[in-house]
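To keep things clear, I will list the structure first and then write my remarks on it.
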Amino acid sequence: MRKESISVIYDSSLAIADEIADKLGAQSLSVQSLTQRSIESCHSFILGIEFMYGDDLTPRWLYGFQMLLSQDLKGKVFAVYVASGNHREHVVVKGICDMLKERGARIISDILYVDSSQGKTMVSTDRPMVSTNRLDEWIGTISPNI
């Protein structure tokens, strides 16, 4: 049974989003499908942020953050992972988290960096990327708080 009040928001990283959603009993939702109604009806968000080259968010994520930041996020819970990009974007991601907090959101975890290239899930928080079961650990950490 899926919990409609938990959404894993993704751009092009559907496989990772579905893996997280399945483990949390959540729904996967494309960032381009975010609407005022979908934000209002959801309590917890897991954001799979993606970057293009450099520190630029993908155009869909630019839209998604405009939608999120135009809403009152008081009482909403967020966890963030970076689905494509690397640690160079860490300052940008922290800034995004700060903006979400300013709108009333509660961030419940460290930022997770996921790289699914070559069929492997590579995960890290503040350490260099290593192949581990950290994704499962991260899901276990956020699960009680959503």
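Computed from the coordinates by the stated procedures, all read-outs in this text should not be read as laboratory data. Bear in mind the structure is a predicted one, so any value in this text is a computation, not a measurement. Counting neighbours? That spans all protein chains shown, and the Cβs are built from the backbone with ideal geometry, glycine included.
When the chymotrypsin sites (Phe, Trp or Tyr not before Pro) in the stretch 1-93 are filtered for DSSP coil states and for at most 16 other beta-carbon atoms within 10 Å of their beta-carbon, the remaining sites are TYR53.
Extension gain, MET52 to HIS90, is 12.3 nm, computed as 0.36 nm per intervening residue step minus the present C-alpha separation.
For LYS101, a cut-off of 15 angstrom between C-alpha atoms picks up these aspartates and glutamates, skipping any fewer than 8 places away in its own chain: ASP72, ASP110. Applying both filters, DSSP loop and at most 15 other Cβ atoms within 10 Å, to the trypsin sites (Lys or Arg not before Pro) of the stretch 12-117 gives LYS74, ARG103.
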